[in-house]
1. So which of ASP70, ASP74 ends up being modelled with pLDDT of 95 or more and surrounded by 12 or more Cβ atoms within 10 Å (Cβ to Cβ)?
2. What's the number of the condition LYS147 fails, among (1) closer than 28 Å to MET105 by Cβ; (2) among the charged types (D, E, K, R); (3) at pLDDT 85 or above?
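The values are calculated or read from the model by the stated rules, or taken from the named source; none is laboratory data. No experiment lies behind these values; they were computed from the predicted model shown. Virtual Cβ from ideal backbone geometry, glycine too; neighbours counted across all protein chains shown.
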Amino acid sequence: MKRTTLIAGLTAVSIGAAALSTGAFADEKGGKGRHNGPRFNFEEVDLNSDGKITAEEMQAHQAARFAAVDTNGDGKLSVEELSSHSEEGRMERAEKRLEKMMERMDTDADGALSAIEMAPKDADKMFERLDTDGDGAVSKEEMDARKGGHGKKGGHGKKDKSSN
């Protein structure tokens, strides 16, 4: 009897850990920011909609999430199953970001972005910042200096001596 209880407890803990590691809990902001504990869709876990989550509801939710990732139904999660689940989550998040970008940038609401809509609104100001010597062109040295000033690879962070 004790062995059965121990196995059931370990199974519940394993399912909970797997559910956490496979994205059962999502940040309220769509994955952005730091996590300060488990955040999840309360209504999804509150199976009887009574405004409370019981341990049984949590376990049922975790078991359902595990089963959703366990595509071959063998009660174990393989690297392939975890990878597939992880990739699906990444694709969903990317699609949401692209939808938001489309809403923000599609000024004529035609469902597509033109080159004008895609162009940075402050392109002239960006060019002026890069053209540190004001000659109307950006040299490789000016570009490298700018990259170096932002800690990116390829730049040396050296200032153009002609501007001193």
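1. ASP70
2. Against the list (1) closer than 28 Å to MET105 by Cβ; (2) among the charged types (D, E, K, R); (3) at pLDDT 85 or above, LYS147 comes up short only on (3).
Conditions (1) within 26 Å of the chain's Cα centre (by Cα); (2) at positive phi; (3) surrounded by 12 or more Cβ atoms within 10 Å (Cβ to Cβ); (4) at pLDDT below 95, marked per residue:
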position: LYS100; (1), (2), (3), (4): yes, no, no, no
position: ARG104; (1), (2), (3), (4): yes, no, no, yes
position: ALA115; (1), (2), (3), (4): no, no, no, yes
position: MET118; (1), (2), (3), (4): yes, no, no, yes
position: ASP122; (1), (2), (3), (4): no, no, no, yes
position: THR132; (1), (2), (3), (4): no, no, yes, yes
position: ALA137; (1), (2), (3), (4): no, no, no, yes
